[in-house]
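Q: I have a structure I would like to understand better, so I am pasting it below and will then ask my questions one at a time.
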Amino acid sequence: MNILDSIKNDLRKATRKQRHRFRYFSMATCGIHGHVKQRMLVLRDVADDFTLTAYTDSRSKKITHIKENNEVSLLFFDPRRFVQICITATAATEKDENKVLDLWNQIKPRSRKDYITDIPPGTVIRDPSGVGHQDNVHYFTVLRLIPEKIEYVKLQKIHHLRILFVREGNSWNSDYLVP
Ligand SMILES: Cc1cc2nc3c(=O)[nH]c(=O)nc-3n(C[C@H](O)[C@H](O)[C@H](O)COP(=O)(O)O)c2cc1C
């Protein structure tokens, strides 16, 4: 199996296994004024064409940033294997309402509260227990992250490994880089 396929398999495992090191990743965004922000997300799905899926609230800052600038940087890290995966991706929200509804219906009721707060994420509050939830509306948003470049780095005793994969239509070119 080539390294790109093994990266895909590994990321897929992370969507199923709670304790997998790639289950949580950092996504950096850059808004129109050049403000950079990063935050952790849960990896929910990896499609055959490598599109990654995450869930969020439509009112969050990341959505504002993505509307202003859809290029994002994703970072995965496995400290046990000394592996870093850095992905440059184009971000979009899923527009097919049936797909969104289907995923929403698969979310456990107790996890739905993350997407139905009565005031938007990032609002200043006095007391964390004072956040209310709505029953009749949700802000659940499915983020699709389409990788353009995938950079794999593995620290090893003899030769560190650094490989850059660049999407060319439906296939990927790869080059070794100086680590
Ligand atoms: C371990 C961990 C996992 C998280 N997973 C998600 C997630 O899947 N989706 C999400 O919207 N926020 C998630 N968050 C919260 C975000 O990191 C972030 O604080 C929140 O989404 C607001 O980000 P924003 O204001 O930059 O948009 C997670 C936080 C942690 C610590």
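Throughout, read-outs are computed from the coordinates displayed, never taken from laboratory work. From a predicted model like this one, the values you see are computed outputs, not experimental measurements. Every residue, glycine as well, gets a Cβ built from its backbone with ideal geometry; the counts of neighbours run over all protein chains shown.
Q: How large is ³J(HN,Hα) for each residue in the range 30-44, as worked out from phi by the Karplus curve 6.51 cos²θ - 1.76 cosθ + 1.60 (θ = phi - 60°), to whole Hz, x for Gly and Pro?
A: Here the 3J(HN,Hα) series is 9, x, 5, 8, x, 6, 9, 9, 10, 7, 7, 9, 8, 7, 9 Hz.
Q: Another question, then. Could you tally up the Lys pairs in the chain with alpha carbons closer than 16 Å? Skip any pair fewer than 8 positions apart unless they're on separate chains.
A: Taking the Cα cut-off of 16 Å, the pair count is 7.
Q: Using the Cα centre of the chain as the reference point, and only Cβ charges (+1 on K/R, -1 on D/E), how large is the resulting charge dipole? Debye, rounded to the nearest 20.
A: 860 debye
Q: Given charges of +1 on the Cβ of Lys and Arg and -1 on the Cβ of Asp and Glu, with all other atoms neutral, how large is the dipole of the range 35-117 about its Cα centre, in debye to the nearest 20?
A: Approximately 560 debye in magnitude.
Q: On to the next question. Spelling out what I want: for every residue of the range 81-87, take phi, set θ = phi - 60°, compute 6.51 cos²θ - 1.76 cosθ + 1.60 (Karplus), and round to whole Hz; glycine and proline get x.
A: Ordered by residue, 3J(HN,Hα) equals 9, 6, 10, 10, 10, 10, 10 Hz.
Q: What ranking of Val153, Val36 emerges when the number of other C-beta atoms within 10 Å of each C-beta is taken as an exposure proxy, fewest first?
A: So the residues, fewest neighbours to most, are Val36, Val153.
Q: Relative contact order for the chain: what percent, with Cα pairs under 8 Å and sequence separation of 6 or more?
A: Computed over the chain, the figure is 20 percent.
Q: Have a look at Val46, Gln18, Gln134 and report the one farthest towards the positive end of the charge dipole of the chain, computed about the Cα centre with Cβ charges (Lys/Arg +1, Asp/Glu -1).
A: In the chain, that residue is Gln18.
Q: Per residue, what volume in Å³ does the Cα convex hull of the chain take up?
A: 156 Å³
Q: Further question on the same structure: State the answer as a single residue: which of Ile158, Pro179, Ile7 lies farthest towards the positive end of the charge dipole of the chain, with beta carbon charges of +1 for Lys and Arg and -1 for Asp and Glu, about the Cα centre.
A: Highest projection toward the positive end goes to Ile158.
Q: In whole Å, what is the distance between the alpha-carbon centres of the range 160-175 and the range 1-68?
A: 19 Å
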